[in-house]
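A.B. asks: My questions will all concern the structure given below.
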Amino acid sequence: MSTSNTSDVFSKMLKIQLVATFSVAVLALFVSGLHASVSAMLGGASVVLGACAAVAVAKRGENNKDASAILINLLKAEATKILIIIVLLVVIFKLYKQLVPFALIAGLAAAALFSGAALSRLKV
């Protein structure tokens, strides 16, 4: 996959994640209030930021043609994404005193699920 194609796929996936997170946040605002909405946005933002970091790691080895190097690079990118999400969630739980855990998880799940759906729908 070329660099421009990779960037295009990532930007489309990012847009879909942001729309999903924003939709959950708006729903949470009407159902449970401002703190639930902020919690949903923070949950979605942790996935989006983790995905951005994973893309940065994955792009470092995109010129590699060896299958094992590609696999290792993909695993590094995925591990980076998961680690960033975990760190951000720990920070959010520690710092945001009015956190609504269900809304946070809903925002996180929406961003994570829609990123997979976006990738499966895109023609790459």
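The values are calculated or read from the model by the stated rules, or taken from the named source; none is laboratory data. Everything numeric in this text was worked out from a predicted model, so none of it was measured. Here Cβ is always computed from backbone atoms with ideal geometry, including for glycine, and neighbour counts include all displayed protein chains. Calculation scope for accessible area: heavy atoms of the full protein, side chains included, ligands and nucleic acids excluded. Shrake-Rupley method; radii C 1.70, N 1.55, O 1.52, S 1.80 Å.
A.B. asks: Of the residues 30, 10, which is at pLDDT 85 or above and not basic (Lys, Arg)?
C.D. replies: Criteria check complete, one pass: 30.
A.B. asks: Could I ask something else about it? What residue, among those in segment 25-69 that are closer than 21 Å to residue 115 by Cα, open to solvent by 40 Å² or more (accessible area, probe 1.4 Å) and among the β-branched types (Val, Ile, Thr), is nearest to the chain's Cα centre (by Cα)?
C.D. replies: Among those residues, the one meeting the criterion is 38.
A.B. asks: So residue 73 fits all but one of (1) open to solvent by less than 50 Å² (accessible area, probe 1.4 Å); (2) in a loop (DSSP other than H, G, I, E, B); what number is the exception?
C.D. replies: Of (1) open to solvent by less than 50 Å² (accessible area, probe 1.4 Å); (2) in a loop (DSSP other than H, G, I, E, B), only one is false for residue 73: (2).
A.B. asks: Here is a follow-up. Taking interchain pairs and intrachain pairs at least six residues apart, which have beta carbon atoms under 7 angstrom, with the first residue in segment 74-99 and modelled with pLDDT of 95 or more and the second surrounded by fewer than 14 Cβ atoms within 10 Å (Cβ to Cβ) and not in a helix (DSSP H, G or I)?
C.D. replies: From residues that are modelled with pLDDT of 95 or more, there are no pairs.
A.B. asks: Enumerate the pairs (first residue in segment 51-64 and within 22 Å of residue 88 (Cα to Cα); second residue anywhere and open to solvent by 50 Å² or more (accessible area, probe 1.4 Å) and among the acidic types (Asp, Glu)) with beta-carbon separation below 8 Å, excluding pairs fewer than 6 apart on the same chain, so at least 6 apart or on different chains.
C.D. replies: 54/78
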